[in-house]
1. Can you run down the residue pairs with Cβ atoms below 8 Å, 6 or more apart or on separate chains, where the first is in region 87-110 and in contact (Cβ under 8 Å) with a residue 40 or more places away in the chain and the partner is surrounded by 17 or more Cβ atoms within 10 Å (Cβ to Cβ) and charged (D, E, K, R)?
2. Could you list, ordered by first residue, the pairs with Cβ atoms under 6 Å in which the first is in region 25-40 and within 17 Å of Trp95 (Cα to Cα) and hydroxyl-bearing (Ser, Thr, Tyr) and the second is at pLDDT 95 or above and in a helix (DSSP H, G or I), at least 6 apart or interchain?
3. How about region 82-121: which of its residues are among the hydroxyl-bearing types (Ser, Thr, Tyr) and in contact with a Cys (Cβ under 8 Å, 6 or more places away or on another chain)?
4. Just to be sure, is Gly15 of a type outside the set (Val, Ile, Thr), surrounded by fewer than 18 Cβ atoms within 10 Å (Cβ to Cβ) and either modelled with pLDDT under 75 or closer than 21 Å to Leu118 by Cβ (or both)?
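The values are calculated or read from the model by the stated rules, or taken from the named source; none is laboratory data. Here the structure is a predicted model, which means the values were calculated and not measured. All Cβ positions, glycine included, derive from the backbone under ideal geometry; neighbour counts span all protein chains shown.
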Amino acid sequence: MSGSAASADAGARLGRPWSALWDEPARAAAAIALGCSGVLHATVIGRHFAEYQPFGLFFAALSVAQLFASFLLPQANGRLLRVTAWCCVGVAALWVASRTTGLPVGPDPWHPEAAGLLDVVSTGLELLVADVCFVLAGRAAGTSTPVDAQAIP
C-alpha cells in the first residue's frame, strides 16, 4: 500500500476525511499561540500605561481577550473562528501601521515605533492563529478544499 493510500485508509477508519484529522492538533496549537500572544501583551501593559494611558487600556483589554479566546478556541464554531481570525489580522495590521507610519494618536502621533523581538513574535503568532482559524472556519462551513491526501494518487 502506498503512503498516500495508507494515510487515506487511516482517515477512513476514523470516519473522517484525512484532511480533517489535523483539526484538533491545529486548534490546540492555535489556542496555545493565541494564549502566548496574550501573555506577551500582558507583559507590556505597565510600560504602555506609563507611555499613554489609552495604550495601556488597549493592551490590557487585548491580553484579556486573547487569553479568553485561547480557552474557547478548541471548541469554537465557524463564526468564532472567523471573528478570532479577523481580530488577529486587525491587531497585526495595527502593529504594522505603528511600525511603518506611526499611529495618529498617542504621545508621538505619526512617529513609527521600533520593532522589538517580542512584538515581532507576538505578531507572528497572531498571523499563525489567523491562518489556522480561517482554514478551520472554512472546513466548518464546508468550503475549504486544501489538498487532501485522498486526492493524491
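1. So the pair list comes out as Cys88/Glu126; Val89/Glu126.
2. Qualifying pairs under 6 Å: Ser37/Gln66; Ser37/Ser122; Ser37/Leu125; Ser37/Glu126.
3. If we filter region 82-121 for residues that are among the hydroxyl-bearing types (Ser, Thr, Tyr), which is where we start, we get 84, 98, 100-101.
Answer for region 82-121, where residues must be among the hydroxyl-bearing types (Ser, Thr, Tyr) and in contact with a Cys (Cβ under 8 Å, 6 or more places away or on another chain): just Thr84.
4. Values: of a type outside the set (Val, Ile, Thr): yes; surrounded by fewer than 18 Cβ atoms within 10 Å (Cβ to Cβ): yes; either modelled with pLDDT under 75 or closer than 21 Å to Leu118 by Cβ (or both): yes.
Against the criterion (of a type outside the set (Val, Ile, Thr), surrounded by fewer than 18 Cβ atoms within 10 Å (Cβ to Cβ) and either modelled with pLDDT under 75 or closer than 21 Å to Leu118 by Cβ (or both)), Gly15 qualifies.
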